[in-house]
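The structure appears below as structure tokens.
The values are calculated or read from the model by the stated rules, or taken from the named source; none is laboratory data. Worth saying up front: this structure is predicted, and the values here are computed from it rather than measured. FYI the Cβ positions are ideal-geometry reconstructions off the backbone, even for glycines, and counts take in every protein chain you see.
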Amino acid sequence: MNSNLSDLELAKKRDHKVMITDEAINKVPHVQYKEIPETEYDNLQELARQVLKISKDENDSNEVAVTYSLESARLIEKGERYIGIALGAEHDVDPLSDPTSYHLIRSSRDCVVIVLHNHPSLSAFSLPDIQFLLRYETVKMMVVVTNLGNVSYLVKNGKYDFEKAVILLNEAVDLNNKAENIKDLQDAADYFLKNCYNVGINYEKR
């Protein structure tokens, strides 16, 4: 399916990279994430800031993904890691390229993957992001932070239906493949985001 998304990737590459500023890091909002325990809100805000900080200081404002296990207390008790960090290139990052992230996604029951997108991207979420969320049942929530400090997230809720979600993703990919311009590509990702509540996924943009 990935090769079908090449048009979308090309469109993303037409956008210029935005360098991260301290102002953007400070601007990351405190989000009351649906379906996530309230006790995690502060941690998740701090991790979203860290994604920007790591990108700015260590990765030339390129993409970064942080994988965080909501079972952190249990993992700390066992002396295991509960956060993984993957550094990516200018246009993509693979959370699984980091051994800790890979282990968490394979073994932890509830993971949150926080991805930095460093372009004023077409849509907060790209179709490959959505694909990643669906592919791994252990990934409960995916958060996208932009280089300007804005946050969007997709979280699976109690009504999440994997089969229906895949059908919806395929419809969005079809729209993407028929796209003739950047607006059409934007509409393809937005099509999933506008309809995802029907398949048990909450989408919010801050």
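Considering Glu90, Glu77, Glu71, the condition of being more than 13 Å from the chain's Cα centre (by Cα) and within 27 Å of Lys17 (Cβ to Cβ) is satisfied by Glu90 alone.
Residue count for region 91-107 satisfying the condition of being more than 22 Å from Ile25 (Cβ to Cβ) and surrounded by 22 or more Cβ atoms within 10 Å (Cβ to Cβ): 2. Would you mention how many residues in region 134-169 are touching a residue at least 40 places away in the same chain (Cβ under 8 Å), in contact with a strand residue (DSSP E or B) (Cβ under 8 Å, 6 or more places away or on another chain) and under 20 Å from Leu44 (Cα atoms)? Selection size over region 134-169: 14. The single residue among Phe132, Phe125 that is of a type in the set (Phe, Trp, Tyr), in a helix (DSSP H, G or I) and in contact with a helix residue (DSSP H, G or I) (Cβ under 9 Å, 6 or more places away or on another chain) turns out to be Phe132. What about Lys159, is it surrounded by fewer than 17 Cβ atoms within 10 Å (Cβ to Cβ), in a helix (DSSP H, G or I) and not β-branched (Val, Ile, Thr)? Taking the combined requirement at face value, the residue does not satisfy it. Within the option set Asp57, Asp42, being of a type outside the set (Ser, Thr, Tyr), within 22 Å of Lys156 (Cα to Cα) and not in a loop (DSSP other than H, G, I, E, B) holds for one residue only, Asp42. Within the set Pro99, Pro120, Pro29, the sole residue that is in contact with a strand residue (DSSP E or B) (Cβ under 9 Å, 6 or more places away or on another chain), at pLDDT below 90 and not hydroxyl-bearing (Ser, Thr, Tyr) turns out to be Pro120. The numbered conditions (1) surrounded by 14 or more Cβ atoms within 10 Å (Cβ to Cβ); (2) free of Cβ contacts under 8 Å to residues at least 60 places away in the same chain; (3) part of a helix (DSSP H, G or I) are all true for Asn198 except (1). A count restricted to region 179-195 and to residues that are in contact with a helix residue (DSSP H, G or I) (Cβ under 9 Å, 6 or more places away or on another chain) and either modelled with pLDDT of 95 or more or not in a helix (DSSP H, G or I) (or both) stands at 6. Scanning region 115-126 for any residue that is on the phi > 0 side of the Ramachandran plot and not hydrophobic (A, V, I, L, M, F, W, C) turns up nothing.
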